[in-house]
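As structure tokens, the structure follows; a few thoughts come after it.
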Amino acid sequence: MQCDECGRDFEGRVASIDGEDKVFIKLCPGCRLKEQEQETIDRAKKELEKIKDDQRWVWYDKCGVEGIFVEKTFENFERQRQPKAFDTVKGCGDKSLVLLSPGIYGLGKTHLICALANHLLETKKPASFQRDSYCIIREECPVFFITEPKLLSRIRQTFNRKYDDAETEDDVYCALARFPLLIIDDVGKVRPRDYSFLQGVYFRIVDDRYVQEQNIILSTNLGYSELEEHIGGACADRLREMCGSNILRMSGKSYRVDKSKRGRK
């Protein structure tokens, strides 16, 4: 037989049906293998699009961004209010960052970091096809957002486990470590009498990310010296190295106050 694809001769099979010879295999073994591989790839690509959609919804469920912050984007942030912070957060990608606004509230820190989280959820690939193994790999959610009060509450709950399969403290840290970027909002909202527990939590989280070269974003109404006292000196020192120049002090008027005034007019 002569291969219809490459023209090479190969041993084929011919069947006689009603006195007429019928050729069922028209491709050589090499071209048949390529055809089968391409069919597998084409099926996987069709399946991949559905898996991408499914996995992105899994990301939305896992990322921790909730309520009104699901709709926060860079497009619906008023850049003229905080141009430097806007450009820094939008341009940092998934790098480490600290946003400070000492004693001033309502400047848009949470809007910006949630806009970044939402941007990563929309632009990162939720699944990919591995051509060498012909399998589809689901990617981990790229970002996790949580406030300091919720983080500490989640860890404290592990101290009163009622069931063997309930989440442990190590489970919490392992869960956080799965996300390439961790965002902790409202740092400094919890003011415990004993800072040893709180600083221990931050040191473990930041040190793990420092060692594994994973990134973290913190937003706070504290100044940097107050933040250092809050999370501990060793933790702050690692954080400073991780962020480099991405430690930004914000100032200005509260957007919430201005919005309230506009609403009364």
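Observations
- Among the listed pairs K26/K46; K62/K162; K52/K124; K109/K150, those whose Cα-Cα separation exceeds 22 Å are K26/K46; K62/K162.
- Sites R154 and D42 - FRET efficiency at Förster radius 51 Å, r taken between beta-carbons, to 0.05: 0.70
- Peptides 97-107, 153-163 ranked from most to least packed, by the mean per-residue count of other Cβ atoms within 10 Å: 97-107, 153-163.
- A simple spin-label model places pseudo-atoms 7 Å from Cα toward Cβ; at N76 and D208 they are separated by 3.3 nm.
- Residues whose amide H falls under 5 Å from that of R249, counting only those 5 or more places apart or on a different chain, are L100, with hydrogens built in the peptide plane.
- Rounded to the nearest 10 degrees, the angle from helix 109-123 to the longest Cα principal axis of the chain is 0 degrees.
- Sparsely packed loop sites in the range 140-247 (the GluC sites (Glu not before Pro) outside DSSP H, G, I, E and B with at most 10 other Cβ atoms within 10 Å) comprise E213.
- 222 nm mean residue ellipticity, helices alone, for the chain (DSSP H n ≥ 4; -39,500 (n - 2.57); rounded to 500): -15000 deg cm²/dmol
- For I217, residues with placed amide H under 5 Å, excluding near neighbours: L97, L182, I183, I184
- The HN-Hα couplings worked out from phi for the range 241-249 by the Karplus form 6.51 cos²θ - 1.76 cosθ + 1.60 (θ = phi - 60°) are 5, 5, 7, x, 7, 8, 10, 10, 9 Hz, whole numbers, x standing for Gly and Pro.
- Three-way shape call for the range 158-260 based on the alpha-carbon gyration tensor, with the a/c threshold at 1.5: prolate
- DSSP assigns beta bridges within the range 34-264; of those with both partners inside it, close to 20 percent run antiparallel.
- Along the range 92-103 the Karplus relation, 6.51 cos²θ - 1.76 cosθ + 1.60 evaluated at θ = phi - 60°, assigns HN-Hα couplings of 7, x, 10, 7, 5, 7, 10, 10, 10, 9, x, x Hz to successive residues, with x for each Gly and Pro.
- Entry for the chain at q = 0.07, 0.09 Å⁻¹: log10 I(q)/I(0) = -0.40, -0.55, Debye formula applied to identical alpha-carbon scatterers, no solvent contribution.
Rule-based calculations on the coordinates, nothing more; no lab input. Because the structure is a prediction, the values reported are computed rather than measured. Cβ atoms come from the backbone with ideal geometry, glycine included; neighbour counts cover every protein chain shown.
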